[in-house]
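One structure below.
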Amino acid sequence: MKNALITGINGQDGSFLSELLLEKGYNVYGILRRKSVVDYGNVEHIKDKIHFIYADMTDVVSLINAMKISQADEVYNLAAQSFVATSWEQPIATAEIDAVGVTNMLEAIRTINPKCKYYQASTSEMFGKVQAIPQDENTPFYPRSPYGVAKLYGHWITKNYRESFGLFTCSGILFNHEGERRGKEFVTRKITDTVARIKLGVADCLELGNLDSKRDWGHSKDYVRAMWLMLQQDEPDDYVVATGVTRTVREFVDIAFKKAGIDIEFSGSGLDEIGKDKATGKVLVKINPKFFRPAEVELLLGTPKKAEEKLGWTREISFDEMVERMVQTDLALVRKEIEYAKL
Ligand code: GDD
């Protein structure tokens, strides 16, 4: 029986990865940060099956302790300040967690068990102002946010510890991956949650920033399988995980509303663009400049060829199914909220 240690276990990816590893018979250890109220987040439903350890990416002593307690054979570093917009407001915290935190984790591994395999959650945000379309493992990086810059450090230090100390370290350059457990600050879940609220009559309008930005969106459940596969190979390496299809935020909005039975018609441009309900003429989508970023990543489109060929990785959840699942889940959650409010 293998031991796995997951940082960021209560996030979207942490929860899907925990489920996968438990299914495979792993002992799953998860790092939680101390808060005044215990927050199991997305692993609430399986919390009895997980061994929790309190630690923090910015405190190497706590990570050494986590390595000792877990006796981990595999570490998956999913902990991060992961919201790009916040990284302009908290650039130092973002760097301490997403950049230096990686070195802390790698040092803890090197100290306690240098044979332990390590997965680093790298990101397509590192491509930023893209230097080639589509992006693959050889595309040069050009990060556009403090988050992207911090993640790029994490990526390179992971590679460097592989080359310097022979550690088995892999970086997964994952493109956007979404799902029913996604935080509501990210655009996809913000859209599906608000669509559900509009449909059920408890919200009037969806306010967004840049509708033109394009993302390559897959489902988190598929992407955590790629993380695990990377650590089962004979040699450590870095892999892009993506769908190979890119869509605008506007397209996501359109499809999400359709899933709730509402047809949207867009008109106008720039800050004056609006989306109206075709049936009623009511404005359901507006632009709010507060959701624009100081520097934008305009287009991400990845090619998962290497992951498919070398890892045998395939996607099981299509884009359409993903949006459907997200909208249906949010409709059910909002219905429950409405019922609860009536009590
Ligand atoms: N969040 C948000 N809210 N984004 C908006 C909005 C809005 O109201 N309106 C437009 N957008 C645009 C953003 O400007 C961005 O171009 C795009 O929607 C996606 O934003 P997010 O969903 O916040 O994700 P992200 O692409 O910035 O970052 C995510 O993917 C990365 C991988 O490329 C995060 O999961 C990162 O942690 C991850 O590394």
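The values are calculated or read from the model by the stated rules, or taken from the named source; none is laboratory data. What you see is a predicted model; the values in this text were computed from it and never measured. Cβ coordinates were reconstructed from backbone atoms using ideal geometry, including for glycine residues, and neighbour counts include every protein chain displayed. Surface accessibility is based on the protein's heavy atoms, side chains included, excluding ligands, DNA and RNA. Shrake-Rupley method; radii C 1.70, N 1.55, O 1.52, S 1.80 Å.
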- prompt: Does any residue in region 318-336 that is farther than 9 Å from ALA196 by Cα come within less than 7 Å, Cβ to Cβ, of a residue that is of a type in the set (Val, Ile, Thr) and in a helix (DSSP H, G or I) six or more places away or on a different chain, and which pairs are these?
  reply: VAL323/ILE255; MET326/THR188; MET326/THR192
task: Would you confirm whether any residue within region 84-93 is within 16 Å of the ligand (Cβ to nearest atom), under 18 Å from GLY218 (Cβ atoms) and crowded, with 17+ Cβ neighbours inside 10 Å?
output: yes
- prompt: Quick check, is ASN65 farther than 29 Å from VAL37 by Cβ, without any contact (Cβ under 8 Å) to a residue 60 or more places away in the chain and either surrounded by fewer than 20 Cβ atoms within 10 Å (Cβ to Cβ) or within 16 Å of the ligand (Cβ to nearest atom) (or both)?
  reply: no
message: Regarding region 255-265, can at least one residue be identified that is under 19 Å from GLU178 (Cβ atoms), more than 14 Å from the ligand (Cβ to nearest atom) and part of a loop (DSSP other than H, G, I, E, B)?
response: yes
message: Quick test of your reading of the structure: ILE173 fulfils all but one of (1) away from the ligand (no atom under 14 Å from the Cβ); (2) crowded, with 23+ Cβ neighbours inside 10 Å; (3) outside any helix (DSSP H, G or I). Name the failing condition by number.
response: (1)
query: Residues of region 94-142 being buried (at least 16 other Cβ atoms within 10 Å of the Cβ), of a type in the set (Ser, Thr, Tyr) and within 16 Å of the ligand (Cβ to nearest atom), which ones?
result: THR94, TYR119, SER122, THR123, SER124, THR139
query: Is one or more of the residues making up region 324-342 touching a strand residue (DSSP E or B) at 6+ places or on another chain (Cβ under 6 Å), within 16 Å of the ligand (Cβ to nearest atom), of a type outside the set (Gly, Ala, Ser) and within 26 Å of PHE83 (Cβ to Cβ)?
result: no
message: Quick check on region 293-302. Is at least one of its residues over 28 Å from TYR147 (Cα atoms), open to solvent by less than 50 Å² (accessible area, probe 1.4 Å) and touching a residue at least 24 places away in the same chain (Cβ under 8 Å)?
response: no
- prompt: Any idea which of LYS305, LYS278 is surrounded by fewer than 16 Cβ atoms within 10 Å (Cβ to Cβ), out of contact with any Lys or Arg (no Cβ under 7 Å at 6 or more places or on another chain) and closer than 30 Å to MET227 by Cβ?
  reply: LYS305
message: I want to confirm something. Restricting to region 206-237 and keeping residues that are in a strand (DSSP E or B) and under 12 Å from the mean Cα position of the chain (by Cα), which single residue is nearest to LYS306 (Cα to Cα)?
response: GLY218
query: Which one of the conditions (1) open to solvent by 20 Å² or more (accessible area, probe 1.4 Å); (2) touching a residue at least 24 places away in the same chain (Cβ under 8 Å); (3) on the phi < 0 side of the Ramachandran plot does GLN71 fail to meet, given that it meets all the rest?
result: (3)
- prompt: In region 22-38, which residues are crowded, with 24+ Cβ neighbours inside 10 Å and among the hydrophobic types (A, V, I, L, M, F, W, C)?
  reply: VAL28, ILE31
message: Whether any residue in region 189-202 is among the hydrophobic types (A, V, I, L, M, F, W, C), assigned to a loop (DSSP other than H, G, I, E, B) and either crowded, with 22+ Cβ neighbours inside 10 Å or within 16 Å of the ligand (Cβ to nearest atom) (or both) is what I want to check.
response: no
- prompt: How do the pairs read when you match residues in region 210-223 that are in contact (Cβ under 8 Å) with a residue 24 or more places away in the chain and open to solvent by 30 Å² or more (accessible area, probe 1.4 Å) with residues anywhere that are among the basic types (Lys, Arg) and in a strand (DSSP E or B), using Cβ under 8 Å and keeping only pairs 6 or more apart or on different chains?
  reply: LYS214/ARG247
field: Qualifying residues in region 238-253 (those that are open to solvent by 40 Å² or more (accessible area, probe 1.4 Å) and assigned to a helix (DSSP H, G or I)) - the one farthest from the ligand (Cβ to nearest atom)
entry: GLU251
